[in-house]
1. log10 I(q)/I(0), Debye, Cα-only the stretch 3-156, no solvent, q = 0.10, 0.11, 0.14, 0.17 Å⁻¹?
2. So what is the relative contact order of the stretch 3-156, in percent, for Cα pairs below 8 Å that sit 6 or more residues apart?
3. Per residue of the stretch 142-149, what does 6.51 cos²θ - 1.76 cosθ + 1.60 with θ = phi - 60° give for ³J(HN,Hα)? Whole Hz please, x for Gly and Pro, Karplus curve as stated.
4. Net charge within 13 Å of GLU55 by Cβ-Cβ distance, Lys/Arg positive one each and Asp/Glu negative one each, not counting GLU55 itself?
5. Can you run phi through the Karplus equation (6.51, -1.76, 1.60; θ = phi - 60°) for the stretch 92-97 and list ³J(HN,Hα) in whole Hz, with x for Gly and Pro?
6. Got a sec to turn the phi values of the stretch 23-32 into Karplus ³J(HN,Hα) couplings, 6.51 cos²θ - 1.76 cosθ + 1.60 with θ = phi - 60°, whole Hz, x for Gly and Pro?
7. Between THR2 and SER56, with labels modelled 7 Å along Cα→Cβ, what's the label distance in nm to one decimal, could you check?
8. Using 7 Å Cα-to-Cβ label points, what is the ASN149/ARG95 separation (nm, one decimal)?
Amino acid sequence: MTTIRKVVLLVLGAAIVAAGVLIIGVRTKSKAVLVPFTRLQRDRLNAPALRTAGESGDRNGVIYHRGRTSGRELQTPVTPIASDDGFIIGLPYGRETQWLKNVLAAGEATVRYQGEMVRVTDPRIVEASELQHQFATAERVMQAVFGVNEYLVLTRV
């Protein structure tokens, strides 16, 4: 086997292991996995995602919220599902994310989705089982893979 092939197989194997650790960590809500991953996401991955999130045709959106202690205006990319009266946002990392705590504390936020800015209020966490009828098959598969069992429900103002 050539050296290049060995390196490629080693890198591929490492990527598969890393993906497995991430999926298991998210499913079990392991702080050992979630804390460094959410920091990486906040510090490195969110900025590129925010360039197109919320634009027409992009399935991702942006939630604008105010920091509980800093008072700063913040923005976080999310994947909202439009509902009859607002949005449903999956919580794959559980209830411990800072953006979620900010929205719950403020009682309101703004969501940019499909090119539209929407003020939302009445944030509440709902069990996935209560919302199953609103999910497409792809969303139910993602729930199973990542262990998403709670959603943030927001009402359009």
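Read-outs throughout are calculated quantities, based only on the coordinates presented, and are distinct from any laboratory measurement. Because the structure is a prediction, the values reported are computed rather than measured. Cβ placement follows ideal geometry from the backbone for every residue including glycine, while neighbour counts extend to all protein chains displayed.
1. -0.40, -0.47, -0.74, -1.06
2. About 24 percent, as a whole number.
3. With the stated coefficients, the stretch 142-149 comes to 4, 4, 5, 5, 9, x, 7, 10 Hz.
4. Net local charge, GLU55 excluded: +1.
5. x, 9, x, 8, 8, 6
6. Once θ is set to phi - 60°, the couplings for the stretch 23-32 become 4, 5, x, 5, 4, 8, 6, 5, 4, 4 Hz.
7. Reported label-point gap for THR2 and SER56 is 4.8 nm.
8. Inter-label distance under the simple model: 1.3 nm.
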